[in-house]
Amino acid sequence: MNHLCATLLLFCSSFNMYFDDERNDFVQEIGVCAVEYNAYYTEPEQRLPISLVVAIAIHESGWGTSRFALEGNNYFGMKTKSEDPEEYMIPNENKKVRLAKYKTTCSSVYAFMDLLSKSKKYKGFREKLMTQWFLDEINYGILIKTLNKYSKDKLWRKSIMKIIEQIEVK
């Protein structure tokens, strides 16, 4: 299967690197963490597509420039129930929300990938993904539709698809 071989290839050849700024570095940093997660913590048929993980990080963190990315390595808008102020940040516009802080970029990526890989909310995502791996044909549009509970933004799915198209090698 192509996805098994793709995991073993050098990551830097996986994306179009036509940005002439730090965006290339951001794609690489998130992507390397995602490849590590897939290699060490998942079975081949359950591996999350790297482009999808990177695209969501780009969208949710504004290419790693958001306050939450900079102050807490939170690239995915991940919430927490922790009561420890050292482990969360509070958005200015919603004092009731607690966004998780992470010690490293990879710990943020791993937490996001754990969420998609294990949460009951994303069971449909995992089922579609497994079918697509079996057929050796990843359809991001279908996968993104199953993530409708991830964001309340009506344009979220369209934005994620546009980013994937921008970073994926054709």
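The values are calculated or read from the model by the stated rules, or taken from the named source; none is laboratory data. In this text the structure is predicted, and so the values were computed from the model without any measurement. So basically every Cβ, Gly included, is an ideal-geometry build from the backbone, and we count neighbours across all protein chains shown. SASA here: full protein model, heavy atoms, side chains in, ligands and nucleic acids out. Shrake-Rupley method; radii C 1.70, N 1.55, O 1.52, S 1.80 Å.
Before moving on, here are some points about what is shown:
- Against the chain, whose longest principal axis comes from its Cα atoms, helix 123-135 is set at around 20 degrees.
- Convex hull volume of segment 59-128 per residue (C-alpha atoms, cubic angstrom): 107
- Surface accessible to a 1.4 Å probe, per residue, for the residues of the chain, Å²: 59
- Label sites at residue 32 and residue 65, each approximated as a point 7 angstrom past Cα along Cα to Cβ, lie 2.3 nm apart.
- Orientation-averaged projected area, Cα convex hull of the chain (nm²): 9.9
- Radius ratio Rg over Rh of segment 84-170, counting only Cα atoms, Kirkwood formula for Rh: 1.02
- Using a simple spin-label model with pseudo-atoms 7 Å out from Cα toward Cβ, residue 107 and residue 45 lie 3.4 nm apart.
- Between helix 23-41 and the chain there is an angle of about 70 degrees, using the helix long axis and the longest principal axis of the Cα atoms.
- Between helix 156-167 and the chain: long-axis angle, C-alpha atoms, 0 to 90°, nearest 10: 60
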